[in-house]
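The values are calculated or read from the model by the stated rules, or taken from the named source; none is laboratory data. Since the structure is predicted, the reported quantities are computational estimates derived from the model, not experimental observations. Here the Cβ positions follow ideal geometry from the backbone for every residue, glycine too, while neighbour counts run over all protein chains shown.
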Amino acid sequence: MPDRTAKMQNRIDELEGMLGMQSRFTFSIRLKVGQIPEKLIGMLMSFPRVSAKAAFAALYGQQCNKPTFNVLSVHIVRVRKILAQLGIKVQTLHSFGWALDPRDREKLKRMEL
């Protein structure tokens, strides 16, 4: 059974990596970014648009006691404040989710070099 658990954890890690949720950012330590905002920033950097439903599923899909869907609004407020310190604005895509301007996405990637 431990082998199966290890395989499942490896697969979860692989999928989170594909979603950009395992990214560690150099500015995270300096700006004291929490784990969930950092995962959301990773998703915003990895995809042109991030739907609220996909973000919620990616962040909380495995949990038995999931928070309410509105918790994403709280996390996005934190993400906006963090990225504003870097001169980056999170765009709201009404009735969908969020996005970063492609230039801002590139700016963030350059900060990681």
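Quick look at the values:
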read-out: Every pair of residues 6+ apart whose Cβ atoms lie under 6 Å, when the first sits in region 49-69 and is within 16 Å of D13 (Cα to Cα) while the second is surrounded by fewer than 16 Cβ atoms within 10 Å (Cβ to Cβ) and not hydrophobic (A, V, I, L, M, F, W, C); value: Y60/K66
read-out: Selection count where residues are surrounded by 10 or more Cβ atoms within 10 Å (Cβ to Cβ) and in contact (Cβ under 8 Å) with a residue 24 or more places away in the chain, scope region 97-113; value: 9
read-out: Members of region 85-96 found to be farther than 10 Å from L44 by Cα and either in contact with a His (Cβ under 9 Å, 6 or more places away or on another chain) or surrounded by 17 or more Cβ atoms within 10 Å (Cβ to Cβ) (or both), listed by number; value: I88
read-out: Identity of the residue in region 67-77, surrounded by fewer than 16 Cβ atoms within 10 Å (Cβ to Cβ) and of a type outside the set (V, I, T), that ends up nearest to G34 (Cα to Cα); value: S73
read-out: Residue in region 20-67 that is modelled with the lowest pLDDT, counting only those that are among the polar types (S, T, N, Q) and outside any loop (DSSP other than H, G, I, E, B); value: T26
